[in-house]
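Read the structure below first, then the notes.
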Amino acid sequence: MVEVRLEGVTKRFGEVTAVEGASFSVGEGGFLTLVGPSGCGKTTILRLIAGFDRPDEGEILFDGRSVLQEPPEARRVGMVFQNYALFPHMTVAGNIAYGLRSWRGQERQQRRVKELLELVGLEGLEHRSPGELSAGQRQRAALARALAPEPRLLLLDEPLSALDAKLRERLRLEIRRLQRQLGITTIYVTHDQEEALAISDLVAVMNSGRIEQVGSPKEVYHRPATEFVASFIGRGNLLEGKVSSVNGERVELWLIPSGPKISVRVAAGTVQSGQEVKLLIRPERIRLDGSLENKLRGRLKGIEFLGDSSWAYLDLGGQELRVKLEEAPGPAEGQEVVELSFASSDCYLILPRGAGSAPERGG
Ligand code: ATP
């Protein structure tokens with residue numbers, strides 16, 4: 001398996017800069033996901049790594065060696081696309097064997113096809129054509145075809161986006177299990193942030209051709225580097241605030257002008273009095289009572305019932321706040337003003353220039 005590294009990779013298509021200065025690395029056997037909105041450059045990065053396109057600037061290295069002069073075949077990369085890209089006139093077995101044409105000995109090829117059918121759970125369906133398979137089975141066949149020639153890197157481009165929600169969840173578990181079992185270095189593309197958090201060792205969050213942050217799922221969720229990451233990953237409340245006073249690591253700020261102050265801890269020297277900041281608070285960390293350190297009052301705008309939980313929407317001096325209610329009965333029907341509270345340690349400040357400032361946990 002291979003370690004893959006991108007260094008300052010830029011790709012332009014005429015006037016459009018599809019990818020700008022992208023750098024990241026994924027270790028041997030690692031699983032990195034590129035996540036971001038449509039058109040942010042995710043597929044372009046996969047195509048550059050596969051060798052279908054060449055970057056205008058930067059380097060792509062496999063195990064520390066540039067592969068820019070190597071054609072796609074030499075890079076030994078397996079790829080799975082959103083739309084399966086199976087040959088419709090070939091059987092499942094024929095599709096899987098397609099990448100094994102260069103393997104000598106028919107018996108060896110057949111053995112490998114059988115291995116792959118078992119690996120992805122398609123035994124008994126080898127004589128069907130792709131049109132005779134369910135969507136999930138087709139995607140398994142595509143995965144088997146990509147893995148058959150023993151690639152050292154697997155690239156997956158939105159492989160689950162054509163499937164329904166339940167099947168997506170099942171297949172993403174299967175992909176992860178297979179990836180671990182084979183120990184194959186994998187780069188995965190999705191626009192679905194939940195899928196990215198669920199499946200990856202590392203998440204690279206992209207916005208308009210740039211990589212905004214690379215980190216573990218927990219890092220990008222709890223310690224977003226930029227406002228974009230904070231709003232794209234998870235359902236965070238990103239509230240505007242103004243710093244009222246700074247005392248070492250302890251910062252007080254207003255979310256509601258002349259309302260009660262909020263207390264947050266940050267690394268010393270990162271904010272100044274009077275500064276405008278953004279405050280990230282996750283909906284599951286807010287309580288609709290006065291039991292935690294920072295207490296405010298909000299106007300209840302509505303409640304959405306979701307089965308296992310509910311969303312309460314509050315108005316906080318003109319800013320919308322989303323609160324996740326798990327088991328608590330929640331506010332009474334018709335109640336207008338509600339008390340809410342949250343801990344300082346669950347607040348995360350994002351400064352305008354994009355540098356996140358971590359609160360001291362447990363402070
Ligand atoms: P999606 O999630 O919609 O697939 P993406 O994040 O994969 O999007 P890319 O397909 O990488 O985005 O495209 C990035 C940008 O580059 C887009 O603005 C796209 O229109 C442009 N682009 C991609 N390929 C080409 C091309 N061959 N010629 C011109 N522009 C291109």
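The values are calculated or read from the model by the stated rules, or taken from the named source; none is laboratory data. This one's a predicted model, so the numbers in the text were calculated from it and none came from an experiment. Counting neighbours? That spans all protein chains shown, and the Cβs are built from the backbone with ideal geometry, glycine included. Please note that ligands, DNA and RNA were not included when accessible areas were found on the heavy atoms of the full protein model with its side chains. Shrake-Rupley method; radii C 1.70, N 1.55, O 1.52, S 1.80 Å.
In table form, for the structure just shown:
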item	result
Pick from the range 111-133, criterion among the charged types (D, E, K, R) and in contact with a helix residue (DSSP H, G or I) (Cβ under 6 Å, 6 or more places away or on another chain), ranking: least open to solvent (accessible area, probe 1.4 Å)	E126
The lone exception for F305 - which of (1) in contact with a Leu (Cβ under 9 Å, 6 or more places away or on another chain); (2) open to solvent by 40 Å² or more (accessible area, probe 1.4 Å) it fails	(1)
Matching residues in the range 134-162 - criterion: being of a type in the set (S, T, N, Q) and either farther than 28 Å from F52 by Cα or touching a helix residue (DSSP H, G or I) at 6+ places or on another chain (Cβ under 7 Å) (or both)	S134, Q139
Among (1) modelled with pLDDT under 95; (2) of a type in the set (A, V, I, L, M, F, W, C); (3) assigned to a strand (DSSP E or B) - the single one M1 does not satisfy	(3)
Helices (runs of 4 or more DSSP H) contained in the range 42-133 and holding at least 1 residues more than 16 Å from the ligand (Cβ to nearest atom)	72-75, 92-98, 106-119
Yes/no for G105 being modelled with pLDDT under 90 and surrounded by 13 or more Cβ atoms within 10 Å (Cβ to Cβ)	no
Cβ-Cβ under 8 Å pairs, at least 6 apart or on other chains, the range 165-185 side at positive phi, far side not in a helix (DSSP H, G or I)	G183/M1; G183/E28; G183/G29
